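What follows is one structure encoded as structure tokens, with my remarks underneath.
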Amino acid sequence: MSTSFAECSARERVARLLDRESFEEWLPPSARVMSPHLAQLGVPSAFDDGVVIGRGRLAGRAVFIAAQEGEFMGGGVGEVHGAKLVGLMQRALRDRPAAVLLLAESGGVRLHEANAGLIAVSEVMRALLDVRAAGIPVVVLIGGANGCFGGMGIVARCADRVVMSDNGRLAMSGPEVIEASHGVEEFDSRDRALVWRTTGGKHRFLSGDCDVLVDDDVQAFRDAAIDAIGHANALTLDGLEREHALLAARLRDAPEGADAVALWRQLGIRDAERVPDLDAAEVRALVAN
Amino acid sequence: MTGMESLVYEFAGTRCVAAFAPVLVGVVGSGNLEVLVEPAAAAISRYSVETSARGFGAIWEAVLRDFHERHHFNGLSVSINDMGATPAVVSLRLDQAAAGLKEATP
Amino acid sequence: MNAPVEPRIWNTRAAQRAQRLERVAADLGPALRGKQVASEQAVALLNAALNPFDRVCLEGNNQKQADFLARALVQADVQRVHDLHMVQSVLALPEHLDVFENGIASKLDFSFSGPQGARLAQLVAQGGVQIGAIHTYLELFARYFIDLTPQVALIAAHSADAQGNLFTGPNTEDTPAIVEATAFSGGLVIAQVNEIVDSLPRIDVPAGWVDYVVLAPTPNVIEPLFTRDPAQISEIQVLMAMMAIKGIYAEYGVQRLNHGIGFDTAAIELLLPTYGEALGLRGKICSHWALNPHPALIPAIEAGWVQSIHSFGSELGMEDYVRARSDVFFTGADGSLRSHRAFCQAAGHYACDLFIGSTLQIDLAGNSSTATLGRIAGFGGAPNMGADARGRRHTSPAWLKAGREARAGLRGARGTPRGQKLVVQMVETFREHMQPAFVETLDAWQLAEQAHMKLPPIMIYGDDVTHILTEEGIANLLLCRTDEEREQAIRGVAGYTAVGLARDRRMVENLRDRGVIRRPADIGIDVRDATRNLLAARSMRDLVRASGGLYQPPKKFRNW
């Protein structure tokens, strides 16, 4: 029987992803390490500032894990939230776990905390790159209803490996922001099929922005995380230049109208218009050859 | 006037609870709340509420009193962060926390 | 000496009809081909066909709208077309009220105005519209045959053939009732269609009943009103759904029912194949439905719970699923759904044993209302579903049991043995923004004063309500014998609202002992079991999967 990853809270995801009862939480709710900013704005704080961090075992191997709670402030990164992520990754440099798992569900910077939030996100990026440089794989798992947007979208693409379910989303600007800035003809944020064609897991997988596509199932995410252990993807100058070339080509060759279906056709996907109706296994099969 | 409302209630109970690890249920989201239950070295149960929905003190008192009378625990410290949950959701979370508690108690 | 008696003329209807047809032919000339009128001539058609003070039905249904004809009517020449008396089910489009602001119409009889409720209230306050009455759907249809017969009907059909036969398809809705009354009283029937084809899938309206057909430039508007995303169903709604199934459906053996619109009822539909199955209830409840094709019912249909569904209208995205499940839905020989609001309403009245729905406010007598200040929303169909049908005679176990509970111990006329329809109002004690659902006085009273109504607009009368179901439990009003018992039974499930907090605790305990009030524990339900995991589908995608890919949700519901 499958368990929906999207339906689970951050804590439930951690408990179900790791080996049974192997999770040890750092800075737990009872420690009350909370946001110093929200109360004066009349906004409730969370005991864990919306992120669970700690260590546990995955298939017997020691791993570090962080899970953002999308329901609290849309998973937005505030000062304390960001510091917990940074602290986790700095400790990884010392303890050298087999992997750092980041269960990302976030709208990006928590705007209520303004500059503190911005700084926090950039510090997370720096810390993640340090972990990666140390040869410890950082795996980002994206499958929550809120998706992974804003500064956290950038963080996700700094990781060794990105795993997404098909109802997960990954992007920088959110759909409403694009519509507000560029008009509804450019992007109708209420056309949810369009939103998922543009930012959803299937599109990211087909266009190469996400490494692994899975069903909305905790077990599938767990298997993908296990698979990522031992597969650090070193950042090299060659690798960066290849990425730059790929992005330049993508921009240059973008199909007329810039709809995802046109891009998939360009990538050689058969029956591209059927992709939105396919499940993860069927989409994987499209590129398996 | 913005700002959170802080409410504290204390009730005397009869059932003492042995030491247990803190129990957390719920998430602070719109219409939702989180409840943290911890042991307290006192002969009462203490409920403290931080809420963004101001002006419902009488209802909080009634809900918490009813919860307390369902279980009658002593030595509890119950801390709540609330974002406008209805009494139905509050009662549900409290009962979920109490269930987690029983399992923790030897 | 007697005054000379003028011989009465008995063919005014026919004469008037002929006059209108002649005027149209004269004004449109060669632009009229058979019955077909080009869309550019729509306004000219209406100018010629209508007389001032006509009673006009502009098809504004719950879902389908004759929107092109509505736009044309707004542009009519007010010198030729003015002071119309509009009779229509629903005020859905801005154009439905624009016609009053520009003098084309002055009087209104209708049933529901959800989207236009606030603007209608303003218009009434300014004296811009004279409301005859607010009806239920079936009530309005009934008056089409008595004293509100339309002289001109502006309807929406999917397609027409060259002769003027019409196909109304899955969203047939109110059209048959409107056309029957209009065509058979000498009136004019004017249809807008999405396409003109050589041969129709089936004929829903014969050409002989149709006078003019206009090809609309864009397909008529249809709203997906009955689709509910399972992702938005809360734990509290799951709890209430469990109580409905175990505490009422199972108790009375409800085989034939109607669900009002909402997430609460969607939760019940999604709990049948899981919670209902675990209770061994398949085949014992919920076999026959008066219901639109709710996507939320797909899992129950697939699991074999449902024998038949008759629908008021269709639901966007469900067309292929309905077609593939013709054993369950009413479909034509062409395979597509045939809906019929008038008959479905009648079925809800007489052939269903239970109605369950939500509301905004309930008072201490059990009267419930969705009226809010500053909006005149009307009734729609709910009062037909949520009322005891006194004309019913055939029995069923559920109907008899409810009737016995209501009449036990009573004598005389009130105690004469008969059955009773189960009418359940299901509501959380607090709505959004901590608005209490239970009040001492309904807003409906104040609205009646504001809008000069003769009666407060009550959706479901307290003496028709048999059960009130909240997160706190179920109050069985059938077992109450005095107004005081009824009041305390209601307070006893009103939770922490002011009404609930003012309960007489001893009376409420006594009512609980007697089973008049049942808490979840009394029904054998542990509130902690009420989680979303019990739902047979928890997302739109789950519904699509359950349908084997046949259900195609409209774009705004997709998230994959």
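List of remarks:
- For chain B, the longest principal axis of the alpha carbon atoms and the long axis of helix B:87-104 meet at an angle near 20°.
- All lysines inside 20 Å of C:LYS107 as judged from Cα atoms, apart from same-chain residues fewer than 8 positions distant: C:LYS454
- Cut-off under 5 Å, modelled amide H: who pairs with B:ASN74 long-range: B:THR14, B:ARG15, B:CYS16, B:VAL17
- Stokes-Einstein diffusion of chain C at 37 °C, 0.692 mPa s viscosity, Kirkwood radius from Cα pairs, rounded to a whole number: 131 µm²/s.
- Each of the peptides C:183-190, A:75-82 was scored by the mean count of other Cβ atoms within 10 Å over its residues; in descending order, highest first, they stand as A:75-82, C:183-190.
- A straight line joining the Cα centroids of region B:55-90 and region C:525-560 runs 32 Å.
- For chain A, calculated [θ]222 nm from helices alone, where every DSSP H run of n ≥ 4 adds -39500 (n - 2.57): -12000 deg cm²/dmol
- Rounded to 10°, Cα long-axis angle of helix A:218-228 versus longest principal axis of chain A: 90 degrees
- Candidate lysines for bridging to A:LYS202, where Cα separation is under 24 Å - those fewer than 8 sequence places away on the same chain excluded: C:LYS555, C:LYS556
- Taking a Cβ cut-off of under 12 Å around B:LEU33, the surrounding Lys, Arg, Asp and Glu residues balance to a net charge of -3, with basic ones at +1 and acidic ones at -1.
- Pairwise centroid distance, computed over Cα atoms, of region C:233-284 with region C:99-129, Å: 39 Å
- Dimensionless Rg/Rh of region B:5-98 - Kirkwood Rh, Rg from C-alpha atoms: 0.94
- For the residues of B:86-95, the average number of beta carbons from a partner chain within 10 Å of their own beta carbon is 6.
- One Cα centroid belongs to region C:440-455, the other to region A:72-147; the line between them spans 56 Å.
- Counting other Cβ atoms within 10 Å as a rough exposure proxy, the listed residues C:THR136, C:THR466, C:THR274 run C:THR274, C:THR136, C:THR466 from fewest neighbours to most.
- Degrees between helix A:237-252 axis and first principal axis of chain A (Cα, 0 to 90, nearest 10): 50 degrees
- Estimated purely from DSSP H runs of n ≥ 4, each contributing -39500 (n - 2.57), the mean residue ellipticity at 222 nm for chain C is -7500 deg cm²/dmol once divided by its residues.
- Neighbours of C:ARG392 by Cβ distance under 11 Å: Lys/Arg scored +1, Asp/Glu scored -1, total +2.
- Candidates A:LEU102, A:LEU237, A:LEU278: whichever shows maximal mean-square fluctuation once chain A is modelled as a Gaussian network with Cα springs under 10 Å: A:LEU237
No lab work stands behind these numbers, since they all come straight from the coordinates. All of these numbers come straight from a predicted model, not from anything done at the bench. Positions of Cβ are backbone-derived with ideal geometry, glycine not excepted, and every protein chain shown enters the neighbour counts.
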